[in-house]
Amino acid sequence: MMIDVALVRELVAEQFPQWANLAVRPVAVGGNDNRTFHLGDEMSVRLPSAEGYVPSVEKEQRWLPVLAPHLPVPIPAPLAQGRPSAGYPWPWSVNRWLDGETARRDNIADLSAFAVELGEFLLALQGVDTAGEPAAGRHSFWRGASLTHYDDETRKAIAALDGRIDGAAATAEWDAALAAEWDGRPVWFHGDFAHGNILVRDGRLAAVIDFGTCGVGDPACDTVIAWTFLDTAARAAFRAALGVDDATWQRGRGWALWKALIVLAADGTNAKMAREIALILG
């Protein structure tokens with residue numbers, strides 16, 4: 001399906017005529033699960049790219065206003081929800097625009113201090129009252145739930161990468177993550193706490209975006225950034241700020257390993273995933 005500026009203009013003009021004269025333009029980093037566009041200078045339009053991502057629309061509309069007052073930096077603020085039209089078959093969102101650059105090593109003033117900010121954000125998120133919903137499940141792509149949902153997929157990836165990675169070490173690491181069972185109190189998790197969903201301004205944490213896989217459950221999935229973005233010192237600072245136990249850290253390693261394995265198995269040239277696997281197994 002072609003999700004482009006022309007489609008967004010048509011949807012906005014039909015459903016929100018008060019914004020019809022505002023410019024629509026793609027964002028620099030548009031995302032995969034959802035496509036995002038600028039709407040004027042102060043808003044964004046966010047459209048699911050496939051049916052599997054549709055549940056995130058109503059979830060974000062319902063829960064982001066609940067979470068926002070409790071968090072140390074801004075998160076997306078829903079302004080309106082659009083309906084299917086103009087050949088586009090799913091609901092979509094208009095949010096307030098958040099300023100900042102996507103987090104990169106070269107736009108962060110102090111990576112260890114930044115890691116502490118990330119940990120503090122997650123602690124604040126985990127501290128928001130849950131009332132048990134939205135419980136982790138298919139809507140979160142099983143983030144926040146048990147790693148066993150991806151057991152078969154992970155073992156197949158290890159087998160497919162035979163000779164390219166240390167399969168015995170990968171299997172042992174995965175088994176250890178499965179054995180580190182979670183029995184804690186369900187808390188809020190982001191679900192895709194990756195550098196691409198973190199905004200920086202003046203070298204510091206400015207905002208966190210894309211709560212499409214958020215939910216309530218095991219927060220271990222939010223530690224993945226320790227192996228995908230942070231260096232050794234920043235990883236230690238992040239863990240100390242977050243205060244996670246050994247079992248949670250092990251499950252986080254499992255989440256990071258699962259994703260790196262399946263991506264590398266699908267794309268054998270992905271050097272970044274190969275490096276992440278080596279780091280996790282190291």
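The values are calculated or read from the model by the stated rules, or taken from the named source; none is laboratory data. Please read these numbers as outputs of a predicted model, since none were measured by experiment. All Cβ positions, glycine included, derive from the backbone under ideal geometry; neighbour counts span all protein chains shown.
Listed values, structure above:
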item	result
Single residue of the range 51-97 satisfying the filter (of a type in the set (S, T, N, Q) and surrounded by 16 or more Cβ atoms within 10 Å (Cβ to Cβ)) that is nearest to His190 (Cα to Cα)	Ser56
Enumerated strands (runs of 3 or more DSSP E) restricted to the range 4-92, each holding at least 3 residues that are under 30 Å from Ala135 (Cα atoms)	34-39, 43-48, 78-82
Tally, over the range 23-50, of residues that are within 19 Å of Phe189 (Cβ to Cβ) and either outside the structural domain of Ser85 (by TED's automatic domain parsing) or among the hydroxyl-bearing types (Ser, Thr, Tyr) (or both)	0
One residue from Phe189, Phe229, Phe238 being assigned by TED's automatic domain parsing to the domain that holds Asp106, under 22 Å from Pro78 (Cα atoms) and either at pLDDT 95 or above or touching a His at 6+ places or on another chain (Cβ under 9 Å) (or both)	Phe189
Filter pass, Pro76 being over 16 Å from Asn34 (Cα atoms) and at pLDDT 95 or above	no
Enumerated helices (runs of 4 or more DSSP H) restricted to the range 229-282, each holding at least 3 residues that are out of contact with any Phe, Trp or Tyr (no Cβ under 7 Å at 6 or more places or on another chain), of a type in the set (Gly, Ala, Ser) and surrounded by 13 or more Cβ atoms within 10 Å (Cβ to Cβ)	232-242, 246-266
Tally of residues being surrounded by 15 or more Cβ atoms within 10 Å (Cβ to Cβ) and closer than 24 Å to Leu71 by Cα across the range 131-190	15
Scan of the range 211-228 for residues that are in contact (Cβ under 8 Å) with a residue 40 or more places away in the chain, of a type in the set (A, V, I, L, M, F, W, C) and outside any helix (DSSP H, G or I), ordered by number	Phe211, Cys214, Val216
Test result for Leu205, aliphatic (A, V, I, L, M), at pLDDT 95 or above and over 17 Å from Met273 (Cα atoms)	yes
Matching residues in the range 23-47 - criterion: being surrounded by 16 or more Cβ atoms within 10 Å (Cβ to Cβ) and without any contact (Cβ under 8 Å) to a residue 60 or more places away in the chain	Val24, Arg35, Thr36, Phe37, His38, Leu39, Met43, Ser44, Val45, Arg46, Leu47
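Yes/no matrix, rows are residues, columns are (1) closer than 19 Å to Ile280 by Cβ; (2) of a type in the set (S, T, N, Q):
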| site | (1), (2) |
| --- | --- |
| Asp129 | no, no |
| Arg138 | no, no |
| Thr154 | yes, yes |
| Gly167 | yes, no |
| Ala180 | yes, no |
| Ile198 | no, no |
| Asp202 | no, no |
| Gly215 | no, no |
